[in-house]
Amino acid sequence: YAFTKFLLFHYHFCLTVIASISRSGDSTARIWTISDGLFKSGGKNSPLNVLVLKHVKGRTNEKSKDVTTLDWNMALFVQAEWKLTHVIVPVCFLMNVRFLRTTIECKCFCSPMVSFPGEGTLLATGSYDGQARIWTTTGDLRTTLSKHKGPIFSLKWNKKGDYLLTGSCDKTAIVWDVKAEEWKQQFEFHTGPTLDVDWRNNVSFATSSTDHMIYVCRIGETRPIKTFAGHQGEVNCVKWDPTGSLLASCSDDITAKIWCMKQDKYVHDLREHSKEIYAIRWSPTGPGTNNPNQQLVLASASFDSTVKLWDVEQGKLLYSLNGHRYRPQICSLFVSCSTNIL
């Protein structure tokens, strides 16, 4: 199988240079530096500066090194205003092959912005060989993290940037101490492959799996601090809201659900899609955000070719976006930091 190549864009150190990262089935990830002048001039054939991050030395046909997921240790915050207008949804195609899942994690930034020291300097990649690798912005391999016994499906930095979280087909999630270059704790609660992970804060996180379960875990604890059961199919994605008080999940059971740490049963059961739901994203609005007076909205993307926007407080459908043609499977979704584009 050849993995579809995706581009993930973010502003890199300054507003005049954009760095793009991609990952692929050719056992490489690539960091592309695109000057701002390229867009102004409209030069399609202008040369691009690219760093190739090789996961295999030399030429090989070994597919176990395919790069499946990646994430920068970056968190930039912007002043933004949420508007449910001018919605644009990019489409990505993905073969619906079990255990050959790829995820897309996009970071999109706009000014004015504030960056924090030490962030945006390291890129983490996960691959089919079960190893996580950490790279510098110059393309040098800094660390290889080895403990998983199966492909890594998801990988996330915490906001502080001192821990890296990985989820694997080996049914476990691992928190890595990046500075010590070693694993800190392995969480072995799921009975099926771990499909997604998402940090709630710097020390706790959620995991989802093919076993239909969601666990909320905390570093130092030997058992989950919360268990969410209710899905009847594989849970493809989990995402905490901006404050970490609500958790959204989506599943092959054609539902998305919203959970709260204060109760065991889901708060809302969202049932308007007609096929599997693969991706969900929160709006950067509501209490605890730069837009506290704006409505908190959840977006979900499905194999039914639609994206739906949900009123989180009422658990009701706000809009259904049906603009994709030829019935594609929508497998990725991102809300821009300018917040008027989906």
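The values are calculated or read from the model by the stated rules, or taken from the named source; none is laboratory data. The structure displayed is predicted, hence computed values, not measured ones. So basically every Cβ, Gly included, is an ideal-geometry build from the backbone, and we count neighbours across all protein chains shown. Just so you know, the surface numbers come from the protein's heavy atoms only, side chains and all, with ligands and any DNA or RNA stripped out. Shrake-Rupley method; radii C 1.70, N 1.55, O 1.52, S 1.80 Å.
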- request: Can you give me the number of residues within region 286-313 that are modelled with pLDDT under 95, among the hydroxyl-bearing types (Ser, Thr, Tyr) and in contact with a strand residue (DSSP E or B) (Cβ under 7 Å, 6 or more places away or on another chain)?
  value: 2
message: Go through (1) among the charged types (D, E, K, R); (2) under 22 Å from GLN131 (Cα atoms); (3) part of a loop (DSSP other than H, G, I, E, B); (4) out of contact with any Gly (no Cβ under 7 Å at 6 or more places or on another chain) for ASP198 and report which single condition fails.
response: (3)
message: Quick check on my filter: what residues within region 203-225 are in a loop (DSSP other than H, G, I, E, B) and of a type outside the set (S, T, N, Q)?
response: VAL203, ASP211, HIS212, ILE219, GLY220, GLU221, ARG223, PRO224, ILE225
message: I want to confirm something. Restricting to region 129-172 and keeping residues that are out of contact with any strand residue (DSSP E or B) (no Cβ under 6 Å at 6 or more places or on another chain) and without any contact (Cβ under 8 Å) to a residue 24 or more places away in the chain, which single residue is least open to solvent (accessible area, probe 1.4 Å)?
response: ASP140
query: Since GLY288 meets every condition but one in (1) among the small types (Gly, Ala, Ser); (2) out of contact with any Ser or Thr (no Cβ under 7 Å at 6 or more places or on another chain); (3) surrounded by fewer than 17 Cβ atoms within 10 Å (Cβ to Cβ), which condition does it not meet?
result: (2)
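Can you go through LEU342, LEU318, LEU296 and tell me which one is touching a Lys or Arg at 6+ places or on another chain (Cβ under 9 Å) and surrounded by 21 or more Cβ atoms within 10 Å (Cβ to Cβ)?
Working: LEU318 fails: surrounded by 21 or more Cβ atoms within 10 Å (Cβ to Cβ); LEU296 fails: touching a Lys or Arg at 6+ places or on another chain (Cβ under 9 Å).
Result: LEU342 is the single residue among LEU342, LEU318, LEU296 that is touching a Lys or Arg at 6+ places or on another chain (Cβ under 9 Å) and surrounded by 21 or more Cβ atoms within 10 Å (Cβ to Cβ).
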Search result, residues across region 205-235 that are touching a Pro at 6+ places or on another chain (Cβ under 7 Å) and among the polar types (S, T, N, Q): SER209, THR210
message: Against the conditions (1) part of a loop (DSSP other than H, G, I, E, B); (2) among the hydroxyl-bearing types (Ser, Thr, Tyr); (3) at pLDDT 95 or above; (4) under 28 Å from THR28 (Cβ atoms), where does SER154 fall short? Just the number, please.
response: (1)
field: Pick from region 197-222, criterion open to solvent by less than 10 Å² (accessible area, probe 1.4 Å) and of a type in the set (Val, Ile, Thr), ranking: farthest from ASP252 (Cα to Cα)
entry: VAL216
message: I'd like the full set of residues that are farther than 13 Å from SER208 by Cβ and either under 21 Å from the mean Cα position of the chain (by Cα) or open to solvent by less than 10 Å² (accessible area, probe 1.4 Å) (or both), limited to region 259-272.
response: CYS260, LEU270
task: Please enumerate the residues belonging to region 173-194 that are within 23 Å of ASN236 (Cβ to Cβ), in a loop (DSSP other than H, G, I, E, B) and open to solvent by 10 Å² or more (accessible area, probe 1.4 Å).
output: GLU188, PHE189, HIS190, THR191, PRO193
statement: Looking across region 234-258 at residues that are open to solvent by 10 Å² or more (accessible area, probe 1.4 Å) and part of a loop (DSSP other than H, G, I, E, B), the single one that is farthest from GLY315 (Cα to Cα) is GLU234
field: All positions within region 270-300 that are among the β-branched types (Val, Ile, Thr) and within 20 Å of THR243 (Cβ to Cβ)
entry: ILE280, THR285, THR289, VAL297
- prompt: Out of the residues in region 201-219 that are hydrophobic (A, V, I, L, M, F, W, C) and out of contact with any Gly (no Cβ under 9 Å at 6 or more places or on another chain), which is farthest from ASP264 (Cα to Cα)?
  reply: ILE219
